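Inspection log for the structure reproduced underneath, given as structure tokens.
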Amino acid sequence: MHIKELFGKKTVYSFEVFPPKKTSPVEVIYDTLDELNGLKPDFISVTFGAGGSGNSKYALDIASRIKASGITPMLHLPCINFTKAEIDAALSEAQERGIENILALRGDINPDIPPVDEFRHASDLINYIKAKGDFDIAGACYPECHPDADNIIDDITNLRRKVDAGADHLITQLFFDNDSFYEFREKAAIAGINVPIEAGIMPVVNKNQIERMVTTCGASLPKKFVRIMTRYEHSPEALCDAGIAYAVDQIVDLVASGVDGIHLYTMNKPYVARKISEAVSGILGA
Ligand code: FAD
């Protein structure tokens, strides 16, 4: 099923998972998947390392497992470190396994890995996939601007290129300030971007995540978020409850504001996904 067909009929609700570390067998994620599948999201996406992580070989197996359980899978596909032949191989395998939904990405540029340069931007990959078969294609977008872009206007101009190339819908980078999403959505609409945009929500439920947020992710941290994280960072149970409550609060506000969809970065934590799903199921269906 093509994910684009769902938008407009309901608030789309999806999950994201990542393959286990390369030192672990793929089976370690299967229990997680079984629990996530039981929550009946509209689709589950599977990340794919742009290069160097070594665990991408599992991504297709995980997507197949999701499909076998009756949930629609989406395969992430970054292009910056891959040749056309490698992308062809991934797309052919996806087709053979009946995986029809691809999140087409550039991937982060790793200073230690020179880019292959056969695809420079996600829009190049989208053009390429369009010519390869009947895929539903999603793209990534950045409410608070992609870190490589000089400013949000340039970034949205480039996002328009991605949509013009054939992106059927978009998923945002995580954010903690809903106002940044609303401003972005308005600017995108002014730029003529009229495809559905799912909001990416990351529940922050442990101290490591807070540190990673502060150092690597460009998301701005609203006062309310900082206050909560500072208060509970040394109390794991309270932090988990608070992180879930914050994510639920964001989702309630987003749905009330007519968001096209919610994409939950589950961090492979079914407990967290279940708590959030239980809290918002009535809201998503209203
Ligand atoms: P692009 O759309 O190519 O944009 C990258 C930069 O180039 C931006 O600054 C943009 O403004 C600029 N640009 C874009 N098009 C043009 C153009 N035509 N001309 C000039 N400039 C242009 N990474 C992974 O490796 N694996 C994953 O599974 C993964 N999943 C992700 C899922 C989501 C929902 C998101 C938001 C990101 C994900 N990423 C993943 C990270 C992503 O690969 C990085 O953020 C990467 O740096 C940019 O990818 P992109 O597809 O947005 O690139």
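To keep it simple, each residue is scored yes or no on (1) open to solvent by less than 10 Å² (accessible area, probe 1.4 Å); (2) farther than 18 Å from Leu170 by Cβ.
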{"site": "Glu5", "(1), (2)": "no, no"}
{"site": "Gly8", "(1), (2)": "no, no"}
{"site": "Thr11", "(1), (2)": "no, no"}
{"site": "Phe15", "(1), (2)": "yes, no"}
{"site": "Asp34", "(1), (2)": "no, yes"}
{"site": "Ser45", "(1), (2)": "yes, no"}
{"site": "Gly51", "(1), (2)": "no, yes"}
{"site": "Ile62", "(1), (2)": "yes, yes"}
{"site": "Lys67", "(1), (2)": "no, yes"}
Being over 22 Å from Tyr142 (Cβ atoms) and modelled with pLDDT of 95 or more is the filter here, so list the residues in the stretch 102-120 that pass it. Glu118
Residue pairs, Cβ under 7 Å, 6 or more apart or interchain, first in the stretch 178-205 and open to solvent by 40 Å² or more (accessible area, probe 1.4 Å), second among the hydrophobic types (A, V, I, L, M, F, W, C). List them. Arg185/Ile197; Lys187/Ile152; Lys187/Ile156
Pairs where the first residue, in the stretch 148-177, is within 8 Å of the ligand (Cβ to nearest atom) and the second is among the charged types (D, E, K, R), C-beta under 6 Å, 6+ apart: Ala149/Asp155; Ile171/Glu198
Any residue in the stretch 1-17 that's under 15 Å from Ile197 (Cα atoms): show its pairings with residues that are of a type in the set (Phe, Trp, Tyr) and part of a strand (DSSP E or B) at Cβ separation under 6 Å, as long as the two are six or more apart or on different chains. Ile3/Phe43; Ser14/Phe43
Conditions first: (1) aliphatic (A, V, I, L, M); (2) surrounded by 20 or more Cβ atoms within 10 Å (Cβ to Cβ); (3) out of contact with any helix residue (DSSP H, G or I) (no Cβ under 7 Å at 6 or more places or on another chain); (4) in a helix (DSSP H, G or I). Met213 passes all but one, so which condition is the exception? (2)
Output the residues belonging to the stretch 166-186 that are touching an Asp or Glu at 6+ places or on another chain (Cβ under 8 Å) and either among the small types (Gly, Ala, Ser) or modelled with pLDDT under 95 (or both). Ser180
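The values are calculated or read from the model by the stated rules, or taken from the named source; none is laboratory data. Source: prediction; values computed, not measured. Here Cβ is always computed from backbone atoms with ideal geometry, including for glycine, and neighbour counts include all displayed protein chains. What goes into the accessible areas is simple: the full protein's heavy atoms, side chains included, and nothing from ligands, DNA or RNA. Shrake-Rupley method; radii C 1.70, N 1.55, O 1.52, S 1.80 Å.
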